[in-house]
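Everything below concerns the one structure shown next.
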Amino acid sequence: MQLATYVGWRVHGILGGLVAGLLFVLPGALIMLCIGIAYVYFGTFGIIGALFLGVKAAIVVIVLQALIRLAGKALQRPHQWVIAIIGFCGIFILALPFPLIIAMAAIYGFANNRQLQATTKLLPLPNGKDSAKTVLIWVGIWWGPLLAIDLFADSPLLAEIGYFFSKLAVVTFGGAYAGLAYMAQDVVGHLGWLQPAEMMDGLGLAETTPGPLILVTEFVGFLAAFKTAGIAHGIAGAAIALWATFIPCFLWIFAGAPYLDWLTYQPRLQGALASIMAVVVGVIANLFAWFALHLFFAETSMTNIGMIHILTPDLASLDLRVIAITLVCTFLAFGRGLGLFWLLGLAALAGAMMHLIPLG
């Protein structure tokens with residue numbers, strides 16, 4: 001979404017950025033809302049639940065594909081592999097907050113990049129007053145409605161949704177999958193808004209829409225609010241989650257894009273970003289492990305040993321049907337190069353067929 005906004009900004013300034021960004025998000029957001037409403041009313045039982053089961057098996061493979069692609073780009077040196085492993089252990093074993101992991105990686109990369117300053121003449125910095133004005137305007141647009149909801153709406157949950165997704169918009173680096181790792185950690189583990197299966201269903205639904213994957217935030221906001229006070233509340237939760245997720249994107253682009261050329265020649269900042277991308281690989285590996293464990297095993301529990309917190313599956317609850325669908329999806333994705341929508345469709349069909357097979 002930010003890339004679309006940036007392209008629109010480069011071509012037609014602020015108006016171009018607004019048009020490009022909004023049209024990139026709104027069609028998918030409308031579809032996601034309709035699918036979310038259907039989800040809460042028709043449920044995930046019977047054949048519908050089987051379809052979702054197949055989709056979730058495909059999602060595990062899709063996350064694995066994303067992990068491998070990003071690792072190939074971000075892990076070019078041995079120390080970057082170490083950073084990724086530390087990031088995985090930090091979030092999967094120690095349950096460290098995602099923002100803390102990102103901050104530590106950025107500090108390490110900034111401090112340890114000793115590359116000399118580029119000799120190319122630096123471009124002059126943009127006008128600071130214009131930048132400050134842009135920041136103030138978009139911070140007001142972003143936070144004005146959220147503060148109004150907190151002050152005047154008789155729903156603490158709606159305000160919490162706005163604040164949570166605003167924080168998510170600020171601290172997530174590395175794309176939607178990294179954001180999903182943080183969101184799953186908090187929405188399921190800390191806040192208790194969704195169950196693990198619902199979180200995975202939301203990701204599956206988001207993968208089927210023509211909009212960005214991060215539209216799963218809309219599903220989370222909708223479902224969390226719907227559980228509290230019904231459909232109208234759910235739609236409000238979806239709208240607030242969308243606002244808090246995507247309005248900051250315009251702030252980042254309109255305020256930050258004029259500085260991109262200047263930032264290109266800052267070696268220490270490049271070092272910080274490289275370390276962030278390395279640790280994001282570990283964070284996405286955590287997302288893959290979290291999804292796979294909750295999908296393959298019907299029962300999981302958290303094993304706590306001092307500072308160590310490990311998600312532990314009940315081996316007796318292993319679902320061999322899901323394993324079979326996942327193995328087939330893995331073969332089709334990696335061995336045959338099957339596209340995303342074909343993979344999701346065939347996985348859903350496989351889930352439906354498995355539903356018709358008696359367990360014995």
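The values are calculated or read from the model by the stated rules, or taken from the named source; none is laboratory data. Since this is a predicted model, take the numbers as computed values, not measurements. Every residue, glycine as well, gets a Cβ built from its backbone with ideal geometry; the counts of neighbours run over all protein chains shown.
Of all residue pairs spaced 6 or more apart or on separate chains, those with beta-carbon atoms under 8 Å, a first member in region 83-101 that is closer than 17 Å to V188 by Cβ and a second member that is among the hydroxyl-bearing types (S, T, Y) are F98/T172; F98/Y182.
Candidates in region 266-285 are the residues that are polar (S, T, N, Q) and at pLDDT below 90; of these, the one that is nearest to I85 (Cα to Cα) is Q270. The residues of region 219-274 that are over 22 Å from L3 (Cβ atoms) and polar (S, T, N, Q) amount to a single one, T228. Within region 7-15, one or more residues are at positive phi, assigned to a helix (DSSP H, G or I) and at pLDDT 90 or above. Residues of region 36-77 that are of a type outside the set (A, V, I, L, M) and within 19 Å of I325 (Cα to Cα): T44, F45, G46, G49, F52, G54, K56, Q65.
Look at (1) at pLDDT below 85; (2) assigned to a loop (DSSP other than H, G, I, E, B) and you find that L194 fails only one, number (1).
Residues checked against (1) within 17 Å of the chain's Cα centre (by Cα); (2) more than 30 Å from G271 (Cβ to Cβ); (3) β-branched (V, I, T):
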position: V7; (1), (2), (3): no, no, yes
position: G36; (1), (2), (3): no, yes, no
position: F52; (1), (2), (3): no, yes, no
position: V63; (1), (2), (3): yes, no, yes
position: I68; (1), (2), (3): yes, no, yes
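Residue check: F341 meets all listed conditions (1) assigned to a helix (DSSP H, G or I); (2) surrounded by fewer than 13 Cβ atoms within 10 Å (Cβ to Cβ); (3) more than 23 Å from the chain's Cα centre (by Cα); (4) not hydroxyl-bearing (S, T, Y) but one, namely (3). Can you say whether L263 is at pLDDT 85 or above and either closer than 29 Å to A292 by Cβ or aliphatic (A, V, I, L, M) (or both), as far as the supplied structure shows? For L263, the condition - at pLDDT 85 or above and either closer than 29 Å to A292 by Cβ or aliphatic (A, V, I, L, M) (or both) - is not met.
Checking region 58-75 against the condition returns a match, with at least one residue being farther than 27 Å from P210 by Cβ and outside any helix (DSSP H, G or I).
Taken over region 137-162, the criterion of being assigned to a helix (DSSP H, G or I) and free of Cβ contacts under 8 Å to residues at least 60 places away in the same chain is satisfied by I137, G140, W143, G144, L147, A148, D150, L151, F152, P156, A159, E160. Just name the residue that is modelled with the highest pLDDT out of those in region 175-191 that are among the small types (G, A, S) and over 18 Å from A95 (Cβ atoms). The qualifying residue modelled with the highest pLDDT is A176.
Among helices (runs of 4 or more DSSP H) entirely within region 220-334, having at least 3 residues that are in contact with a helix residue (DSSP H, G or I) (Cβ under 9 Å, 6 or more places away or on another chain) singles out 231-256, 267-296, 320-330.
A232 - would you say it is surrounded by fewer than 23 Cβ atoms within 10 Å (Cβ to Cβ) and not β-branched (V, I, T)? So A232 fits the description; yes. For region 297-329, filtering for residues that are surrounded by 17 or more Cβ atoms within 10 Å (Cβ to Cβ) and closer than 21 Å to Q65 by Cα leaves 5.
Counting the residues of region 206-223 that are over 13 Å from the mean Cα position of the chain (by Cα), hydrophobic (A, V, I, L, M, F, W, C) and modelled with pLDDT under 95 gives 0. Whether any residue in region 100-112 is among the polar types (S, T, N, Q), modelled with pLDDT under 90 and in a loop (DSSP other than H, G, I, E, B) is what I want to check. Within region 100-112, not a single residue is among the polar types (S, T, N, Q), modelled with pLDDT under 90 and in a loop (DSSP other than H, G, I, E, B).
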